[in-house]
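Heads up: the structure comes next, in structure tokens.
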Amino acid sequence: MQIAKNHVVTLHYILKDNDDNILDKSDDGSFCYLHGASNIISGLENALMGKTSGDAFSVSIPPEEAYGLHDESKSQDVPRDMFPPEHDIEAGMQVNAQGPDGQMVVVTIKKVEGDTITVDGNHPLAGVTLNFDVTVADIR
């Protein structure tokens, strides 16, 4: 059976950046998703289309087909008093914030300087080329 829309696909994968650092992998040896439902990045979903059980391949996904390019307009400086006083805020932390339309968004703390905190609303992998080693384990 070939991977097509509405098939449940089980994968084994390792995800690396261009410096060969492992960014993610299927922890228990497999990862399941519904093909065609936009549950995974578009570049990987496109690369999987038509593959069959047992296929193993490597694919490099550009940022435009993954988490997008890094958008500087999604970074801003905010005052420390926008955060609960009992929380220690450190660079690298991810916190929930309210977006301009009232929706909840995850932002990454980029810098803390005195009472000014720089937050970044980009996905942590925005602007990163993603390199996958994938094995198709099952299709149903």
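Quick note: the coordinates plus some simple rules give every number you see, no bench work behind them. All values derive from a computational prediction rather than experimental measurement. As a convention, Cβ positions derive from the backbone with ideal geometry for all residues, glycine included, and neighbour counts pool all protein chains shown.
If amide hydrogens are placed 1.01 Å from N in the peptide plane, which non-local residues have theirs closer than 5 Å to the one on Lys25?
Leu15
Go through segment 129-137 residue by residue and turn each phi into a ³J(HN,Hα) via Karplus (6.51, -1.76, 1.60, θ = phi - 60°); whole Hz please, and just put x for glycine and proline.
Coupling constants for segment 129-137: 6, 9, 10, 9, 10, 10, 10, 7, 8 Hz.
Please name which of Leu48, Met82, Tyr67 has its Cα lying farthest along the dipole of segment 12-140 towards the positive end, using unit charges on Cβ (Lys, Arg +1; Asp, Glu -1) and the Cα centre as origin.
Farthest along the dipole direction, towards plus: Leu48.
³J(HN,Hα) across segment 120-125 via Karplus (A = 6.51, B = -1.76, C = 1.60, θ = phi - 60°), whole Hz, x for Gly/Pro?
Along segment 120-125, the couplings run 10, x, 5, 4, x, 9 Hz.
How big is the dipole moment of the chain about its Cα centre under a simple scheme where the beta carbon of each Lys and Arg is +1, that of each Asp and Glu is -1, and everything else is neutral? Debye, nearest 20, please.
It works out to roughly 620 debye.
For segment 39-87, which GluC sites (Glu not before Pro) are both in a DSSP coil and crowded by at most 10 other Cβ atoms within 10 Å?
Glu86
Give the long-range amide H neighbours of Thr129: residues separated by 5 or more places, or on another chain, with amide H under 5 Å away, using H modelled in the peptide plane at 1.01 Å from N.
Asn18
Given the rule -39500 (n - 2.57) for each run of at least 4 DSSP H residues, summed and divided by the residues of the chain, what is its mean residue ellipticity at 222 nm, to the nearest 500 deg cm²/dmol?
Rounded to the nearest 500, it is -1000 deg cm²/dmol.
Pick out, in residue order, every one of the trypsin sites (Lys or Arg not before Pro) in segment 1-31 that is DSSP loop and has at most 10 other C-beta atoms within 10 Å; say none if there are none.
Listed in order of number, the matching sites are Lys5.
Calculate the dipole size of segment 43-94 relative to its Cα centre from +1 charges on Lys and Arg beta carbons and -1 charges on Asp and Glu beta carbons; express the result in debye to the nearest 20.
Around 260 debye, computed over segment 43-94.
Normalised by the number of residues in the chain, what is the relative contact order in percent for Cα pairs under 8 Å and 6+ residues apart?
Dividing the mean separation by the residue count of the chain yields 36 percent.
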